[in-house]
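Below you'll find the structure, written out as structure tokens, and then a few comments.
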Amino acid sequence: MTQPRIRLVLLLALVLLATWLSLSAGTSWLAPGTVLQRLLAHDALDFEVWNHRLPRSLIALLVGSAFGLAGAIVQGVIRNPLASPEILGVTQGAGLALTVAIITWPQLPLAGVPWIACLGGAAGALLLALYNTGLSFSGARFALSGVAIAVTLSSVTEFLILSHPLDINTALLALTGSLWSRSWHHVALALPFLLLIPAGLCLAKPLNLIALGDESAHSLGTALGPTRLAAMVCAVLLTSLGVGIIGPIGFIGLVAPHMARRLVGGHHQFLLPGAMLIGALLLVLADTLGRTLIAPSEIPAGILTAVIGAPYFLWLLARFKG
């Protein structure tokens, strides 16, 4: 077994360990054996584990994997190490769509929320594509124009929240990036990830060719336009669906691919699953810390990932400029 594969196995083991920790942690700590006993018994004593902690952990695994994978795909398509879905306006588009839906349709069914977010994320990506239409592809211009669109969409979201004070609590709750009150109904909404994640992993070979440069990729038979489109559609769906389920979670899509690159290298057959596993690990740990540090109150997972991700982003930016 090669070294990258060994490290992927170790990452998987860490994810499983973090998941088991998340099932044990909470307002009351349970021993690992007690967790297993209650999961197997599934009786009157298992409400806390089976109906509260387990669905949260499963959602954190799926959404964290999706965010990490989407970030690696975006960085591979744009060939820019500072790119991520939240920097390109996808996350902000999904958040704006959720805000509009909450304000205009307070009784929006739960099942419709992720698809509203997908429409918003797609709209943000479409704005970015339209701005760059007719121009030769440039990763730097693509990323910078995405930042401008992301800031604009975030400003509109903030304006809507402040101009509708009666709806501000619901809107802010949806946009904090938290797994609070998530249940098996939300796990069902996350089931499309079981199709989207394998589809994203199948992009490893074309992304390896794109990394060689446009001319080399084209000479090796890669259809650059359709490949980039398919990859971005996958990244948009992965990100937007996650935002629709738990709200925006910052920096996982940026940080996870970089950590994976340092652990398993730049070949996408290892980088994509590595980023996926690190994304899952980060979100599971953030959720576990968020509900244990000041229990019984909670810190939204999005705040903790920002505390970790912002300094890491500044460090990356310093290296990039150097």
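At a glance:
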item: Single condition Ala60 does not satisfy, out of (1) closer than 29 Å to Leu209 by Cβ; (2) out of contact with any Phe, Trp or Tyr (no Cβ under 8 Å at 6 or more places or on another chain); result: (1)
item: Candidates Leu144, Leu166, Leu98, Leu127, filtered to the one that is modelled with pLDDT of 90 or more, in a helix (DSSP H, G or I) and not small (Gly, Ala, Ser); result: Leu127
item: Qualifying position, being surrounded by fewer than 19 Cβ atoms within 10 Å (Cβ to Cβ) and either over 30 Å from Ala295 (Cβ atoms) or touching a Gly at 6+ places or on another chain (Cβ under 7 Å) (or both), among Leu212, Leu207, Leu203; result: Leu212
item: Selection status of Val63, β-branched (Val, Ile, Thr), surrounded by 24 or more Cβ atoms within 10 Å (Cβ to Cβ) and over 28 Å from Pro296 (Cβ atoms); result: no
item: Options Ala318, Ala280, Ala231: the member that is of a type in the set (Gly, Ala, Ser) and either buried (at least 23 other Cβ atoms within 10 Å of the Cβ) or more than 29 Å from Asp214 (Cβ to Cβ) (or both); result: Ala280
item: Every pair of residues 6+ apart whose Cβ atoms lie under 8 Å, when the first sits in the stretch 286-304 and is touching a residue at least 40 places away in the same chain (Cβ under 8 Å) while the second is acidic (Asp, Glu) and assigned to a loop (DSSP other than H, G, I, E, B); result: Gly290/Glu298; Arg291/Glu298
item: Pair list, Cβ < 8 Å and 6+ apart or interchain, from the stretch 82-108 residues that are more than 9 Å from Thr157 (Cα to Cα) to residues that are of a type in the set (D, E, K, R) and in a helix (DSSP H, G or I); result: Ile102/Asp167; Ile103/Asp167; Pro106/Asp167
item: Pairs where the first residue, in the stretch 32-55, is modelled with pLDDT under 80 and the second is in a helix (DSSP H, G or I), C-beta under 8 Å, 6+ apart; result: His42/Trp50; Leu45/Arg38; Asp46/Arg38; Asp46/Leu39
item: Which numbered condition Val255 fails, given (1) modelled with pLDDT of 90 or more; (2) outside any helix (DSSP H, G or I); (3) β-branched (Val, Ile, Thr); result: (2)
item: Residue tally, condition outside any helix (DSSP H, G or I) and hydroxyl-bearing (Ser, Thr, Tyr), over the stretch 212-246; result: 1
item: Residue check for Gln92: touching a Pro at 6+ places or on another chain (Cβ under 7 Å) and either at pLDDT 90 or above or outside any helix (DSSP H, G or I) (or both); result: no
item: For Ile78: the one exception among (1) within 19 Å of the chain's Cα centre (by Cα); (2) within 19 Å of Leu281 (Cβ to Cβ); (3) not polar (S, T, N, Q); result: (2)
item: Looking only at the stretch 6-31, and only at residues there that are assigned to a helix (DSSP H, G or I) and without any contact (Cβ under 8 Å) to a residue 24 or more places away in the chain, the one that is surrounded by the most Cβ atoms within 10 Å (Cβ to Cβ); result: Ser24
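The values are calculated or read from the model by the stated rules, or taken from the named source; none is laboratory data. Computed from a predicted structure; not experimentally measured. Methodologically, a virtual Cβ is constructed for each residue, glycine included, from the backbone with ideal geometry; neighbour enumeration extends over all protein chains shown.
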